[in-house]
Amino acid sequence: MAELVIMPKLGFNMNSGKLVKWYKTEGQSIKKGDTFFTIETDKTNMDIEATKDSFVRKLLISEGEAVDVTLPIAVIGDKGEDVDGLISEALSKLGKKPADNNNVPSGHNNEEVKSTDDKIIDTSETDDNKRVKVTPRAKKTAMERNMNISDINIKGTGYQGGICEKDILKAEEIQASQKVKISPLAGKIAAVEGINVSAVTGTGAGNKIMKRDVEASIKPAVKAPNQNGFEGEVQYSVDGKEILEIAPYEGIRQVIGKRMAQSKFTAPHVYFTKAVDLTETLKLRKQINNSYDVKTSVTDYVAIAVIKALQKYPEVNASLQGEKIYKYKTVNLGIAVAAPGGLIVPVIKDAEKKGIVDFSEDAAEMIKKARDGKLMPSEYSGGTFTISNLGMFGIDNFTAIINEPEAAILAVSATQKIPVVVTDENGKDEIAVRPVMNLTLTVDHRIIDGLLAAQFIGEIKKYLENPMGLLI
Amino acid sequence: MKTLTYAQAVCEALDEEMAKDDKVVLLGEDVAFLGGNFKTSVGLYEKYGDLRVKDTPISEAGFTGLAIGMALTGLRPVVELMFSDFLLVAADQVINQAAKIRYMSGGQANVPMVIRTPIGAGRSSAAQHSQSMQAMVSHFPGLKVVVPSNAAEVKGLLKTAIRDNDPVIFFEHKMEYNKKFEIPDIVEPIPFGKARIAREGKDITIVATSSLVMKSEEAAEKLEKEGISVEVIDLRTIVPFDKETVINSVKKTGKLVIADESYERCGVAAEIAAEIFDEVFYYLDAPIGRVSTPNVPLPFSPALEFPIIPSVDRIYNKIKELI
């Protein structure tokens with residue numbers, strides 16, 4: 001039975017998806033498990049597989065087109081089945097007129113045509129619209145070059161718009177210019193990082209692109225300037241600045257950029273910093289790491305403290321969506337990770353149900369996945385609060401931008417030994433050296449006021465300075 | 001090199017062959033005293049006399065039969081039929097006699113005869129004097145069918161036709177007779193069954209006969225300016241057919257147009273397309289195109305006649321359609 005294929009919603013924040021590639025063309029059969037299409041979500045490209053055996057009857061949107069989630073993008077159904085109704089219904093949902101789309105089969109497709117001797121002629125097989133026109137020579141040329149015509153995204157320029165040899169050769173040329181010798185591992189890394197491999201220079205055998213080449217292009221910023229000057233021409237900006245590199249603003253970089261700007265420009269950010277004495281937490285951590293086969297990190301303790309504080313102040317574990325403020329009981333805690341391709345935030349779901357050891361294990365696994373670029377969209381979306389820790393880089397203090405649609409984010413800085421004034425049992429003040437860390441809370445002032453923010457960060461401080469509470 | 005009209009080239013071929021072999025004789029309507037209806041035998045009557053250059057009554061069946069008898073008894077008659085349409089008057093002699101004798105006599109007798117006759121529309125000669133009969137005669141085994149293009153070709157091929165030991169139908173194009181061509185001082189006989197690549201190209205092949213070779217060259221010239229490289233093959237002879245040259249060219253270019261002035265239905269273009277199709281099927285990058293005369297009697301009115309004659313524009317448009 002014919003049915004609509006819709007743009008899937010793969011993440012909490014996914015409102016629309018861009019169709020990157022169709023792997024099937026109209027009229028092709030499709031088997032359960034076949035890759036049907038690729039979409040670009042807010043942070044990654046996802047291949048979508050067919051969930052049943054069918055025929056692709058109509059592709060409603062073209063590659064590069066973005067539509068809102070749950071809108072129809074294709075019609076599948078049995079061969080020869082009348083899908084005209086479904087197509088026009090789908091097109092109206094998409095706000096397209098049938099005339100917008102040249103490939104929409106005209107109404108006569110499934111009409112029975114009677115020949116003079118009253119035999120019913122099935123026109124569905126002879127309908128020109130459904131047939132991919134490829135000349136015998138083009139087929140032969142493609143075969144000789146091991147090219148699969150259905151994979152070639154070209155428009156025929158031959159007789160009656162058919163694909164002729166010239167089109168195949170042109171496609172080959174394009175493919176050749178795009179085809180880059182690359183090791184499977186390097187290819188995979190490049191795919192995950194969204195690196196355009198054609199721009200990478202290979203240093204392997206026969207200029208093959210190796211893992212090191214891809215990795216080098218991931219971090220162009222750390223490339224040391226060559227004392228002898230750069231290879232090739234030196235470029236200058238119009239006002240005379242020597243240009244090191246011009247990189248496109250695209251892919252993950254662009255997604256991060258857009259989301260940061262959206263957050264910063266929409267939510268009025270306010271910041272609250274508190275210094276926390278970590279003496280007790282570090283002691284507890286040492287004990288736990290000695291008694292369990294797990295290496296808990298300072299972040300884990302901060303995370304548990306945050307979770308406890310969020311349980312007490314659910315107004316912070318919240319989200320402003322349209323006209324409604326959602327306060328969550330569930331804590332889905334995001335931990336910002338500097339992955340090679342850019343910032344990504346894996347989310348530890350139902351974190352409030354986890355003890356320190358379980359949490360630490362789950363967090364470690366998610367962070368590793370994030371660094372390897374293996375997170376599924378469900379694993380980096382749906383968060384309710386985020387922690388960003390730059391402590392390992394020795395940062396004294398910083399502010400973070402809220403990860404929308406969350407309401408707050410906690411920036412964790414380095415633990416440093418500093419002299420602090422402590423009061424002993426006798427009420428006498430003295431100077432002591434203590435490990436101290438700065439925590440800076442950023443809140444969306446639209447829904448969180450200063451008092452609440454102060455109480456919340458105070459709660460975190462209380463837990464970290466009296467960490468027995470973290471274990472209860 | 002020298003400049004001659006096509007008619008003069010025909011005349012030179014006849015003259016040179018008559019001078020070389022006294023068995024060569026001419027007969028036909030007005031070939032002697034008037035020097036031919038299209039001036040293709042001017043001066044030959046004066047040079048070779050009444051015995052070798054003979055005016056005949058308007059009786060195509062009669063003098064064609066007469067020529068067959070002459071050929072059977074050792075002469076090499078060259079018959080002129082004033083229009084190729086008149087092949088139908090002499091059809092029984094041509095098809096049932098001349099074409100069959102070598103076969104039916106088990107090779108004991110042969111007919112070394114040439115029938116020269118003009119084809120082509122464009123002179124307001126109306127439906128009975130404008131047809132191109134090469135398709136019809138090609139249909140019957142036993143006849144060689146020659147469709148020369150320019151003056152040098154007509155001269156070289158006519159020599160071969162006269163020296164051939166079997167009946168040859170030699171189609172001259174009536175619109176070419178008065179046109180001037182550059183031709184070499186000495187033209188050697190051109191073997192039958194070997195097509196000429198008149199122009200090399202790589203994007204599309206056009207196989208043409210008779211005057212359409214020149215029109216194809218003109219179309220190719222125009223297309224060259226648009227970056228389309230056309231290979232023009234002058235077929236020279238329909239029977240025997242140089243399949244190899246055509247196939248090789250189509251394998252190279254992937255596209256083929258056939259231009260021939262006979263009627264499209266069951267025409268020469270249809271036959272060539274079918275003949276090579278199974279060998280080039282996997283090389284074809286477009287359907288095979290035909291430029292022929294549409295299936296209507298040729299009109300007398302020039303306004304109606306010219307649009308249906310295969311023209312440079314029609315060849316050009318057909319190529320553009322396929323490329």
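The values are calculated or read from the model by the stated rules, or taken from the named source; none is laboratory data. Bear in mind the structure is a predicted one, so any value in this text is a computation, not a measurement. Cβ: placed from backbone, ideal geometry, glycine included. Neighbour counts: every protein chain shown. Note: areas computed on protein heavy atoms with side chains; ligands, DNA, RNA excluded. Shrake-Rupley method; radii C 1.70, N 1.55, O 1.52, S 1.80 Å.
Mind checking the full-extension length gain between A:Lys283 and A:Val422? Use 0.36 nm per residue of separation minus the Cα-Cα distance, one decimal, nm.
Result for the pair: 48.3 nm of gain on full extension.
In nm, give the distance between the simple-model label positions of A:Arg253 and A:Glu3, each being 7 Å from the Cα along the Cα-to-Cβ direction.
Between A:Arg253 and A:Glu3, the label points sit 4.2 nm apart.
Which of the residue pairs B:Lys20/B:Lys54; A:Lys21/A:Lys374; A:Lys31/A:Lys181; A:Lys295/A:Lys354 have a Cα-Cα distance greater than 26 Å in the structure shown? Spell out each step's value before the answer.
Numbers: B:Lys20/B:Lys54 19 Å; A:Lys21/A:Lys374 21 Å; A:Lys31/A:Lys181 31 Å; A:Lys295/A:Lys354 16 Å.
In this structure, A:Lys31/A:Lys181 lie more than 26 Å apart at Cα.
Ignoring everything but the protein chains, give the 1.4 Å probe accessible area of B:Asp30 in square angstrom, nearest 10.
Accessible surface of B:Asp30 is approximately 60 Å².
Over chain A, with the other protein chains present, what is the accessible area per residue in square angstrom, probe 1.4 angstrom?
56
If one takes the accessible area of chain B alone plus chain A alone and subtracts that of the pair, with a 1.4 Å probe, what total in Å², rounded to the nearest 100, results?
900
Collect residues whose amide H, placed 1.01 Å from N in the peptide plane, falls under 5 Å from the amide H of A:Phe385; neighbours closer than 5 in sequence don't count.
So A:Phe385 has HN proximity to A:Asn332, A:Gly334.
Using a 1.4 angstrom probe on the protein heavy atoms only, line up A:Arg137, B:Arg123 by accessible area, largest first. Intermediate values should be presented prior to the final figure.
Numbers: A:Arg137 15, B:Arg123 120 Å².
Result of the area sort, largest leading: B:Arg123, A:Arg137.
For chain A, which whole percent of the accessible surface, found with a 1.4 angstrom probe, sits on carbon and sulfur atoms?
Summing carbon and sulfur atoms, their accessible area is 52 percent of the total for chain A.
Amide H neighbours of B:Lys179 under 5 Å, at least 5 residues apart or on other chains, H built in the peptide plane: list them.
Hits under the 5 Å cutoff: B:Tyr6, B:Ala7.
Under 16 Å Cα-Cα from A:Lys369, which lysines qualify once same-chain neighbours fewer than 8 residues away are excluded?
Partners found: A:Lys43, A:Lys188, A:Lys349.
Please work out the Kirkwood hydrodynamic radius for the protein assembly as shown, using every pair of different C-alpha atoms, and report it in angstroms with one decimal place.
34.8 Å is the Kirkwood radius here.
With contacts defined as alpha carbon pairs under 8 Å and 6 or more residues apart, what's the relative contact order of chain B in percent?
Value for chain B: 16 percent.
At a probe radius of 1.4 Å, what is the per-residue accessible area of B:Val207, in Å² to the nearest 10?
Here the residue's solvent-accessible area equals roughly 0 Å².
What percentages, rounded to whole numbers, describe P(r) for the stretch A:20-77 computed over all alpha carbon pairs with 5 Å bin width beginning at zero?
Result, from short to long distances: 4, 19, 30, 28, 15, 4, 0 percent.
For q = 0.12, 0.17 Å⁻¹, what log10 I(q)/I(0) does the stretch B:2-183 give under the Debye formula with an equal point scatterer on each alpha carbon and no solvent?
Log10 I(q)/I(0), no solvent term: -0.49, -1.04.
From the P(r) of the stretch A:252-471, could you give the percentage of C-alpha pairs in the tail past 34 Å?
Numbers: 2812 of 24090 pairs.
Roughly 12 percent, rounded to a whole number.
Could you give the size of the charge dipole of the protein assembly as shown about its Cα centre, using +1 on the Cβ of each K and R and -1 on the Cβ of each D and E, expressed in debye and rounded to the nearest 20?
The dipole magnitude comes to about 1960 debye.
For chain A, what is the mean residue ellipticity at 222 nm derived from helices alone (per DSSP H run of n ≥ 4: -39500 (n - 2.57); sum divided by total residues; nearest 500 deg cm²/dmol)?
Values: 11 runs with 132 residues, N = 472.
Calculated mean residue ellipticity at 222 nm is -8500 deg cm²/dmol.
Take every Cα-Cα pair in the stretch B:196-322 and report what % of them are more than 18 Å apart.
Tail of the P(r) past 18 Å holds 48 percent of the pairs.
Enumerate the calculated ³J(HN,Hα) couplings along the stretch B:51-58 in order (Karplus 6.51 cos²θ - 1.76 cosθ + 1.60, θ = phi - 60°), each rounded to whole Hz, writing x wherever the residue is Gly or Pro.
Here the 3J(HN,Hα) series is 6, 9, 10, 10, 6, 10, x, 6 Hz.
For chain B, what is the mean residue ellipticity at 222 nm derived from helices alone (per DSSP H run of n ≥ 4: -39500 (n - 2.57); sum divided by total residues; nearest 500 deg cm²/dmol)? List each step's numbers first, then the result.
On the way: 11 runs with 111 residues, N = 323.
For chain B, the value works out to -10000 deg cm²/dmol.
Please list, by residue number, everything in the stretch A:9-41 whose backbone N is under 12 Å from a paramagnetic label point 7 Å out along Cα→Cβ of A:Asp78.
What the label zone holds, given the 12 Å backbone N cut-off, is no residue at all.
In whole Å, what are the Cα extents of chain B along the three principal axes, biggest one first?
Here the spans come out as 56, 42, 39 Å, largest first.
Each residue of the stretch A:29-40 in turn: what ³J(HN,Hα) in whole Hz from Karplus with 6.51, -1.76, 1.60 and θ = phi - 60°, glycine and Pro shown as x?
7, 9, 9, 3, x, 5, 5, 9, 7, 10, 10, 9
Of A:Lys274/A:Lys428; A:Lys18/A:Lys264; A:Lys52/A:Lys93; A:Lys166/B:Lys202; A:Lys139/B:Lys222, which ones are farther than 21 Å apart at the Cα?
On the way: A:Lys274/A:Lys428 23 Å; A:Lys18/A:Lys264 25 Å; A:Lys52/A:Lys93 24 Å; A:Lys166/B:Lys202 12 Å; A:Lys139/B:Lys222 30 Å.
Beyond 21 Å between Cα atoms: A:Lys274/A:Lys428; A:Lys18/A:Lys264; A:Lys52/A:Lys93; A:Lys139/B:Lys222.
If R₀ is 41 angstrom, what is the calculated FRET efficiency for the pair B:Lys2 and A:Lys155, using the beta carbon separation as r and rounding to 0.05?
0.15
Scan around A:Arg434 for amide H atoms under 5 Å from its own, H built in the peptide plane at 1.01 Å from N, and keep only partners 5 or more places away or cross-chain.
The answer is A:Ile418, A:Val420.
As a test of reading the structure, rank A:Lys329, B:Lys318, B:Lys222 by solvent-accessible area (1.4 Å probe, protein chains only), most first.
Most to least solvent-accessible, the answer reads A:Lys329, B:Lys222, B:Lys318.
Would you please name the trypsin sites (Lys or Arg not before Pro) within the stretch A:34-85 that are DSSP coil residues with at most 15 other C-beta atoms within 10 Å of their C-beta?
Working: sites: A:Lys43, A:Lys52, A:Arg57, A:Lys58, A:Lys79; in loops: A:Lys43, A:Lys52, A:Lys79.
Here the trypsin sites (Lys or Arg not before Pro) that fit, given the DSSP loop and packing criteria, are A:Lys52, A:Lys79.
Could you run the Debye sum over the Cα atoms of chain A, one equal point scatterer each and no solvent, and tell me log10 of I(q)/I(0) at q = 0.14 Å⁻¹, two decimals?
With no solvent term, the Cα-only Debye profile gives -1.35.
Of all the C-alpha pairs in the stretch B:259-317, what % are more than 15 Å from each other?
55
For B:Phe277 and B:Ile197, FRET efficiency with R0 = 25 Å and r from the beta-carbon atoms, rounded to 0.05?
Approximately 0.75, to the nearest 0.05.
Could you tell me which GluC sites (Glu not before Pro) in the stretch B:175-228 are loop residues by DSSP with no more than 16 other beta carbons within 10 angstrom of their beta carbon?
Sparse-neighbourhood loop GluC sites (Glu not before Pro): B:Glu200, B:Glu226.
Sort B:Met113, A:Met392, A:Met147 by accessible area with a 1.4 Å probe, largest first.
Result, largest first: A:Met392, A:Met147, B:Met113.
Would you be so kind as to list the residues of the stretch A:137-175 that have their accessible area lowered by at least 40 Å² in the full protein complex compared with their chain by itself (1.4 Å probe)?
Residues losing area: A:Arg137, A:Lys140, A:Tyr159.
Give the peptides A:347-355, B:64-72, A:394-402 in descending order of average Cβ contacts within 10 Å, highest first.
Per-residue Cβ counts within 10 Å, averaged per peptide and sorted highest first, yield B:64-72, A:347-355, A:394-402.
If you filter the stretch A:376-472 for GluC sites (Glu not before Pro), then keep DSSP loop positions with at most 15 other Cβ within 10 Å, what is left?
Here the sparse-neighbourhood loop sites are A:Glu425.
Each residue of the stretch A:462-468 in turn: what ³J(HN,Hα) in whole Hz from Karplus with 6.51, -1.76, 1.60 and θ = phi - 60°, glycine and Pro shown as x?
Taking θ as phi minus 60°, the curve returns 4, 5, 6, 8, 10, x, 4 Hz for the stretch A:462-468.
Rounded to the nearest 20 debye, what is the charge dipole size of the stretch B:105-212 about its Cα centre when +1 sits on each Lys and Arg Cβ and -1 on each Asp and Glu Cβ?
That gives the stretch B:105-212 a dipole magnitude of about 160 debye.
From the residues A:Ile6, A:Gln28, A:Thr70, which one has its Cα farthest along the dipole of the stretch A:1-72 in the positive direction, the dipole being from +1 and -1 charges on Cβ of Lys/Arg and Asp/Glu about the Cα centre?
Checking the options against the dipole of the stretch A:1-72, the answer is A:Gln28.
Put +1 on the Cβ of each Lys and Arg and -1 on the Cβ of each Asp and Glu in the protein assembly as shown; which of B:Met133, A:Ala191, A:Phe37 then has its Cα farthest toward the positive end of the dipole?
A:Ala191
Rounded to the nearest 10 Å², what accessible area does A:Thr44 show when all protein chains are kept and the probe is 1.4 Å?
40
Evaluate the relative contact order of chain A (contact order divided by residue number), counting alpha-carbon pairs under 8 angstrom at least 6 apart; express in whole percent.
Relative contact order of chain A: 12 percent.
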